[in-house]
Amino acid sequence: MKNIALVIGATGITGSNLAQELVSQKWKTYGLARNPENLPEGVDPIKADLLAIETLDHAIRAIYPTHVFINTWVRRDTEAENVRDNGTMVRNVLKALSKQKSVRHVALVTGLKHYLGPFEAYAKEGALPETPLREEQGRLDIANFYYAQEDEVYEAAKRDGFSWSVHRPHTVIGKAVGNLMNLGTTLAVYATICKVTGRKFIWPGSEAQWNGLSDVTDATILAKHLIWASTTPNATNTAYNIVNGDVFRWNWLWPRIAEWFGVEYEGYSEKIRPLEREMQNDHALWNKISKDHDLVSEDLDAVASPWHTDLDLARPIEVMTDMKNSRKNGFSAFQSTEDSFLNLFKLLQSEKIIPKI
């Protein structure tokens, strides 16, 4: 039977890279988003709002996907609201697809907040787990929208008889304009501003993150992981951590990023210096840089998400993951983290998201 993919959240970092990989592997691929513009070539767009069940039913009634990849979420003011709306989105799409009786596998992308807790909690001292983070670590006794999303997948799998996989990347490095969680592009934009103004490229995070071990997840390796788990019989019905496969220290990588952009850097010095505060007055400057270099977006908020970068880099402990489940089940792909960042920067320049200066 031909594989037919429905990629939920096809315009984000995870979804767009996954859709591109699926097309390259000759899958029939649909990309669903609220505004499905600029999808990879070969992806059929579906415009739908997962919180509007009536319009969602109409949008997907004529497709019969064999594999569903859920790569989307909405951010609300409280975690209770996050739980409500993110759980509802997963429930709605799987309920709508239940009528087709075509789905064989559902893959859900969550993240390390499964272990660390939601935005309100995961950067606070005293409530963080031991690292490396392992897949068998249980849920925290705290509201978390990732748990709500998982529960909706599990319930639908029992109802409709499909297999499932859960994928927990660390920080995802890849291209996507307007994405809420975009550390790689945010650092590229910040370094560009430093280059233009002569400011130092200042480390915004904690001492523990600066000196400790860390890892990240390249969007391309996550795409391969999603397809692997959804098509490998012994890999289904399992939760996975997924990262590049190497570890690094930011006190090693930060100078390399600074060197690539040709800027001076400054490491950790006595306290956290949030990037959101550092970039808060740069909107007019980015507008000018964008106009001067004919860039894709003049809106700083569309290309950078310093608030989320601060959450990642301000953690009071080092954070890295164990990939035991993937390795035992045969996934052996590897990606150099330094290459992930430098390849992203080259791509951002070639597509005029940041300038060549």
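Which condition from (1) surrounded by 15 or more Cβ atoms within 10 Å (Cβ to Cβ); (2) without any contact (Cβ under 8 Å) to a residue 60 or more places away in the chain is the one that HIS58 breaks?
(1)
Would you pick out the residues in the range 37-46 that are open to solvent by 30 Å² or more (accessible area, probe 1.4 Å) and closer than 22 Å to ALA107 by Cβ?
LEU39, GLY42, ASP44, PRO45
May I ask you to verify whether ALA219 is open to solvent by less than 60 Å² (accessible area, probe 1.4 Å), in contact with a Phe, Trp or Tyr (Cβ under 6 Å, 6 or more places away or on another chain) and of a type in the set (A, V, I, L, M)?
no
For the range 299-355, list the helices (runs of 4 or more DSSP H) that sit wholly inside it and hold at least 3 residues that are open to solvent by 40 Å² or more (accessible area, probe 1.4 Å) and at pLDDT 95 or above; which are they?
Answer list for the range 299-355: 324-328, 337-350.
Can you pull out the strands (runs of 3 or more DSSP E) entirely within the range 24-133 that have at least 1 residues that are polar (S, T, N, Q) and on the phi < 0 side of the Ramachandran plot?
28-33
GLY245 passes all but one of (1) more than 16 Å from THR171 (Cβ to Cβ); (2) open to solvent by 30 Å² or more (accessible area, probe 1.4 Å); (3) in contact (Cβ under 8 Å) with a residue 24 or more places away in the chain; (4) not hydrophobic (A, V, I, L, M, F, W, C); which number fails?
(1)
Mind checking which residues of the range 141-159 are charged (D, E, K, R) and surrounded by fewer than 18 Cβ atoms within 10 Å (Cβ to Cβ)? Write out each step before concluding.
First pass over the range 141-159, keeping only residues charged (D, E, K, R): 141, 150-152, 155, 158-159.
If the condition is that a residue be charged (D, E, K, R) and surrounded by fewer than 18 Cβ atoms within 10 Å (Cβ to Cβ), then ASP141, ASP151, GLU155, LYS158, ARG159 are the ones that fit.
Restricting to the range 21-35, name every residue that is hydroxyl-bearing (Ser, Thr, Tyr) and open to solvent by less than 40 Å² (accessible area, probe 1.4 Å). Steps first, answer last, please.
Residues of the range 21-35 hydroxyl-bearing (Ser, Thr, Tyr): 24, 29-30.
Answer for the range 21-35, where residues must be hydroxyl-bearing (Ser, Thr, Tyr) and open to solvent by less than 40 Å² (accessible area, probe 1.4 Å): just THR29.
For the range 201-214, indicate whether the set of residues that are open to solvent by less than 70 Å² (accessible area, probe 1.4 Å), modelled with pLDDT of 95 or more, closer than 18 Å to ARG168 by Cα and part of a loop (DSSP other than H, G, I, E, B) is non-empty.
no
Hey, among ILE60, ILE8, which residue is among the β-branched types (Val, Ile, Thr) and under 28 Å from VAL243 (Cα atoms)? Walk me through how you get there before you give the answer.
On the way: ILE60 fails: under 28 Å from VAL243 (Cα atoms).
Going through ILE60, ILE8 in turn, the sole match is ILE8.
Report yes if some residue within the range 259-274 is in contact with a strand residue (DSSP E or B) (Cβ under 8 Å, 6 or more places away or on another chain), in contact (Cβ under 8 Å) with a residue 24 or more places away in the chain and part of a helix (DSSP H, G or I); otherwise report no.
The answer is yes, given that some residue of the range 259-274 is in contact with a strand residue (DSSP E or B) (Cβ under 8 Å, 6 or more places away or on another chain), in contact (Cβ under 8 Å) with a residue 24 or more places away in the chain and part of a helix (DSSP H, G or I).
For the range 323-352, which residues satisfy the criterion of being at negative phi and basic (Lys, Arg)?
Matches in the range 323-352: LYS324, ARG327, LYS328, LYS346.
Is one or more of the residues making up the range 170-181 under 15 Å from THR238 (Cα atoms), open to solvent by less than 50 Å² (accessible area, probe 1.4 Å) and part of a loop (DSSP other than H, G, I, E, B)?
No, there is no match, as no residue in the range 170-181 is under 15 Å from THR238 (Cα atoms), open to solvent by less than 50 Å² (accessible area, probe 1.4 Å) and part of a loop (DSSP other than H, G, I, E, B).
Any idea which of (1) closer than 24 Å to THR11 by Cβ; (2) without any contact (Cβ under 8 Å) to a residue 12 or more places away in the chain is the one ASN281 doesn't satisfy?
Condition (1) is where ASN281 drops out.
The values are calculated or read from the model by the stated rules, or taken from the named source; none is laboratory data. This one's a predicted model, so the numbers in the text were calculated from it and none came from an experiment. Cβ sites come from the backbone with ideal geometry, for glycine too, and all protein chains shown count toward neighbours. For the accessible areas, the whole protein counts, side chains as well, though only heavy atoms, and no ligand, DNA or RNA atoms are used. Shrake-Rupley method; radii C 1.70, N 1.55, O 1.52, S 1.80 Å.
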